[in-house]
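The values are calculated or read from the model by the stated rules, or taken from the named source; none is laboratory data. All values derive from a computational prediction rather than experimental measurement. Note that each Cβ is placed from the backbone with ideal geometry, even for glycine, and that neighbours are counted across all protein chains shown. These area figures cover heavy atoms from the full protein model, side chains too; ligands, DNA and RNA do not enter into them. Shrake-Rupley method; radii C 1.70, N 1.55, O 1.52, S 1.80 Å.
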Amino acid sequence: MSRGTVTSGRVLLFALFLSSPTAIMLVVLAGAGRLDAWPAVGTWVMVTSLLLPLVRSHLGELSGLANWVRTLAHGGDIATAPGKDGMVLAEIAASVAALRRLWQQRSAELAETARWNASLLENLPDPLLLLDSARRVVRTNRAATRLFGRDPAGSDLAAVLRDPGVTEAVQAVLSGAAPFRECEFTQAIPVERTFAARIDRLDGQPAFEAAIALLTLHELTAIRAMERMRADFVANASHELRTPLAALSGFIETLQGPARDDEEAREKFLGIMAEQSGRMSRLVADLLSLSRIELDEHTPPSERVDLARLVTGTAEALKPLVGPRGMELVLSIAADLPQVTGQPDQLAQLFQNLMDNAVKYGNDGTSVEVSVALAESLPPGAGAALRAGPVVRVAVRDHGEGIPSEHLPRLTERFYRVDTARSRKMGGTGLGLAIVKHIVNRHRGHLAIDSRVGEGSTFTVWLPAAPP
């Protein structure tokens, strides 16, 4: 399009404007008596008439140029530039086209920079929150969304992180009292996690909307867990290993002294020593296993596990323990169960511990019943994480002596035993249910224990189903 549409009134108006100097000169000549009035008027009309086609042509070209510029502003093509017949107009169009190309180049560079910045923010491993002057969350990255289970953008920080220390530090930075602040806080739900928070004020023009401060969260859970693990391991090992070590030391002294030549006593003591050393080995193995589970407890697993297959395999491995006591391991597994999100080895250890306990504490000649089904309802007190979707319920029931109700709340504590002598006689370390509890916590599940004296016990685990 080289020319635009121009109205006749506009053309006439511009022609009259251009012919006005001629009209003034003719008026002056007529006033001085050098030119009659009617020839002067005729001359002015003729000049105006000659200007009309020229004005129409130029106004058309200018209108075409204006339309082309408007088209460019809405994303039009530069190739349709007008003014190919006019040198001045062509130069103007070329300049506008060059300006458009420069603007497009700069715009592309800015867009690429913005995409790079957004990608960098999204892929940083630490959770980041950008805050505005009103303490609202303007933007977060992927790590923050995973941490909070949702995108908290638009929410007040106090509703996202309910910690007075963090709120106070953020307020100090937003008010200009300090350029940055650091603090530590603990998040108790769904599992206890510790974070170091750093709040920095952003200088210059905000990169993302109205953000003026950056809150960075760095997780310290693994470090704190490692510190506790070392202390707990030393304390537990020194306490629980003291008795078997004292027994071994006593037997060794006896064998080196009075029982040096007593073959019968030597065989008896060596058997006890082997039993005590085996107990120490199991204890150390369980302590190490528990420490590893606690170290990863804050990080939920991400693999998909076929729970029906895993429970069946665990039950098959325990059948040699069932036969000698005349017991029966009965499986009831529902069809078409969804997979669960979990870590296969830890889940196998969880169900092995529960089934092994059921076999140990069940009465001879009874059955151990294991049922796996899609849960229809959740027990009272189940965590909010389970309520977001379907769950799979696994129940392990024995027909033993049962557990008095006063002991139930403490069963998952380390080294807590209802009957210490019986537990040690059966080779227990007192850590099996503690391991079960921490595995359930890592899988964001729920553990319930129901027991009646004289009727037996039922241990039930609820685990979230994997997303489809």
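Here is how the numbers come out for the structure above:
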{"item": "Lone qualifier among 118, 134 - being at pLDDT 80 or above and not aromatic (Phe, Trp, Tyr)", "result": "134"}
{"item": "Filtered residues of the stretch 335-347 (kept if open to solvent by less than 30 Å² (accessible area, probe 1.4 Å) and in a helix (DSSP H, G or I))", "result": "346, 347"}
{"item": "Meets criteria (more than 30 Å from residue 466 (Cβ to Cβ) and modelled with pLDDT under 80) for residue 295", "result": "no"}
{"item": "Index of the failed condition, residue 94 passing every other in (1) open to solvent by 30 Å² or more (accessible area, probe 1.4 Å); (2) assigned to a loop (DSSP other than H, G, I, E, B); (3) modelled with pLDDT under 75", "result": "(2)"}
{"item": "First in the stretch 365-376 and within 14 Å of residue 460 (Cβ to Cβ), second anywhere and of a type in the set (Ser, Thr, Tyr) and outside any loop (DSSP other than H, G, I, E, B), Cβ under 8 Å, 6 or more apart", "result": "369/332; 370/332; 371/332; 372/332; 373/332"}
{"item": "Of all residues in the stretch 407-436 being loosely packed, with under 14 Cβ neighbours inside 10 Å and at pLDDT 70 or above, the one that is nearest to residue 282 (Cα to Cα)", "result": "413"}
{"item": "Exclusive hit being modelled with pLDDT under 80, within 43 Å of the chain's Cα centre (by Cα), small (Gly, Ala, Ser) and open to solvent by 50 Å² or more (accessible area, probe 1.4 Å), set 225, 231, 237", "result": "231"}
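Okay, residues lined up against (1) among the small types (Gly, Ala, Ser); (2) outside any loop (DSSP other than H, G, I, E, B):
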position: 137; (1), (2): no, yes
position: 143; (1), (2): yes, yes
position: 151; (1), (2): no, no
position: 154; (1), (2): yes, no
position: 162; (1), (2): no, no
position: 167; (1), (2): no, yes
position: 186; (1), (2): no, yes
